[in-house]
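In what follows, a structure is listed as structure tokens, so that the remarks can point back to it.
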Amino acid sequence: MSLVTAKHPYIESLLKGYEMPRSGISWLNERRAHALERANALTVPTTRDEEWRFTDISPLTRVAFQPAAATPRLALADIGGQLVPEAATRLVFVNGVYAPELSVSAGLPEGVVVGSLAAAINTHAGVIQPHLARHAAFEDEVFTALNTAYLRDGAFIWVARNRKCPTPVQLLFVSTQGETAVYPRCLVIAEAGAECTLIEDYVGLGDAEYFKDAVTEVVAGDGARVRHVRVQRETGGAFHIASCAAVLARDACYASHTVTLGARISRFNLDVLQQGEGVEVKMDGLALISGRQLADTHTLMDHARAHGRCQQLHKCIVGGAGHAVFNGKILVRPGAQLTDAAQQSRCLLLSDKAHVDVKPQLEIFADDVKCAHGAAIGQLDDEQLFYLKSRGLSDTRARKLLTYAFAAEVIDRIPVPSLVEQLEQTVLAQTQAVS
């Protein structure tokens with residue numbers, strides 16, 4: 001299938017030369033075709049759209065990004081700084097193409113599969129078909145529709161019933177080419193009683209200007225436990241738009257840790273659906289930006305069943321003329337009684353030009369719940385600064401120490417020690433230059 005004329009000229013440019021893959025898998029072809037139809041019908045969001053009113057992505061539409069051409073070969077040394085030692089299993093994608101020579105997936109126990117999505121569709125179609133492109137809705141989301149239309153390969157993690165993935169799994173998505181668009185895709189399925197830890201890592205090498213449009217779907221069965229760490233450290237000229245849809249069955253536990261450091265403009269949508277009773281969710285987020293960066297995080301905790309618990313903490317540290325956005329929504333549907341949900345947003349401004357927009361939302365349609373949210377935006381505390389300076393620290397060093405401590409509260413909760421140390425060093429380095 002070739003491209004029909006799109007409703008929006010920029011979408012048409014991204015789909016220029018598009019050809020439907022001939023996979024021979026009818027259900028997958030149907031989902032791609034439906035996504036292509038929606039991408040052609042939708043427009044690029046602007047600040048006139050309520051969900052995008054704080055986030056101007058018009059700079060993205062001024063660059064004619066094209067699909068990546070021949071992917072250069074990288075050596076392990078080129079990505080050594082991004083590797084996580086605890087992750088004995090690793091999948092690496094370079095400019096959207098799976099790089100088996102950089103990946104490691106041997107030694108996994110029976111009932112745990114980690115590998116290329118393109119290969120897994122042929123061997124585990126019965127597991128994949130009910131979930132792929134079923135949870136990350138693309139009917140009204142143009143970038144999710146684009147990603148699904150371009151769905152060729154990606155990362156696949158499957159942990160069978162009552163199995164446990166013994167070590168964290170790192171998914172590393174590397175970009176090296178300028179003026180290219182890549183469409184990373186991840187599908188994570190933890191069946192009833194299963195456990196896994198996932199590290200989803202997005203990086204760029206060099207100074208390339210590129211566009212990364214990523215979609216992740218996470219499915220947790222009854223009593224499953226999924227720990228999900230997401231790190232975005234793209235180059236300063238990159239554009240990064242991503243979404244994650246997590247669907248949780250009865251008594252499932254899902255912990256999300258999101259760290260945003262890079263990209264010129266980034267947007268991340270995290271939608272968590274409580275499909276069964278007794279679900280427990282923890283959502284931590286940190287955005288550390290400066291210069292003229294824009295980082296937007298939208299979250300939705302959808303309590304569709306009773307006895308759900310959710311604790312959320314999101315922090316922003318903004319220096320220079322940076323702009324951070326946080327929109328956190330808690331939805332309690334009719335019948336979702338005994339829901340316990342709390343959301344906190346804390347933002348630190350390090351300069352007079354730094355800007356933060358925060359929009360907490362509660363929509364409650366049940367009468368026996370405990371829900372709360374709080375938001376605070378400010379600068380460093382003068383009394384804390386005075387205390388540190390009275391102990392011999394310079395004003396600059398005191399400010400850096402307090403800024404680092406503000407970020408470390410979120411970083412320290414990540415369940416991967418080496419990644420905590422790595423990110424703490426990154427945060428410490430950036431706080432020295434962020435203002």
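The values are calculated or read from the model by the stated rules, or taken from the named source; none is laboratory data. Worth saying up front: this structure is predicted, and the values here are computed from it rather than measured. With ideal geometry, Cβ positions are generated from the backbone for all residues, glycine too; neighbour counts draw on all protein chains shown. Just the protein is used for accessible areas: all its heavy atoms, side chains included, with ligands, DNA and RNA removed. Shrake-Rupley method; radii C 1.70, N 1.55, O 1.52, S 1.80 Å.
General remarks:
- The chain: C-alpha gyration tensor shape, a/c 1.5 cut-off, then a/b vs b/c: rounded
- Listed peptides 162-169, 379-386 by packing density, highest first (mean Cβ within 10 Å): 162-169, 379-386
- Sequence-separation-based contact order of the chain, relative, with Cα cut under 8 Å and 6+ spacing, percent: 10
- For the stretch 349-435: relative contact order, % (alpha-carbon pairs under 8 angstrom, 6 or more apart): 26
- Within a straight-line Cα-Cα reach of under 16 Å, LYS7 can be paired with the following lysines, leaving aside sequence neighbours fewer than 8 residues apart in one chain: LYS16.
- Max-minus-min Cα coordinates of the stretch 281-405 on each principal axis give 56, 32, 17 Å, with the largest extent listed first.
- Between the stretch 168-225 and the stretch 314-381, the Cα center-to-center distance that results, in Å: 25
- A straight Cα-to-Cα reach below 29 Å connects LYS164 with the lysines LYS282, residues fewer than 8 places away in its own chain not being considered.
- Normalised contact order of the stretch 1-82, rounded percent, pairs of Cα under 8 Å and 6 or more residues apart: 28
- Over the stretch 162-253, the alpha carbon radius of gyration divided by the compact-protein estimate 2.2 N^0.38 Å works out to 1.23.
- Those trypsin sites (Lys or Arg not before Pro) in the stretch 73-161 that DSSP places in a loop and that have at most 12 other beta carbons within 10 Å: ARG73
- Gyration tensor (alpha-carbon) shape descriptor, the stretch 115-206, a/c threshold 1.5: oblate
- Sites GLU101 and LEU401, calculated FRET efficiency, Cβ-Cβ separation with R0 45 Å, nearest 0.05: 0.60
- Estimated from helices alone, the mean residue ellipticity of the chain at 222 nm is -5500 deg cm²/dmol (sum of -39500 (n - 2.57) over DSSP H runs with n ≥ 4, per residue).
- Of the trypsin sites (Lys or Arg not before Pro) in the stretch 337-387, those whose Cβ has at most 16 other Cβ within 10 Å and which sit in DSSP loop: LYS353
- Note that the stretch 145-268 presents 22 Å² accessible area per residue, ligands and nucleic acids not counted, probe 1.4 Å.
- Cα lying deepest toward the dipole's positive end in the stretch 147-233, options VAL169, ASN147, GLY221, charges on Cβ: GLY221
- Carbon + sulfur, % of accessible area of the stretch 146-264 - ligands and nucleic acids excluded, 1.4 Å: 43
- Distance from the stretch 260-275 to the stretch 229-257 (C-alpha centre basis), Å: 6
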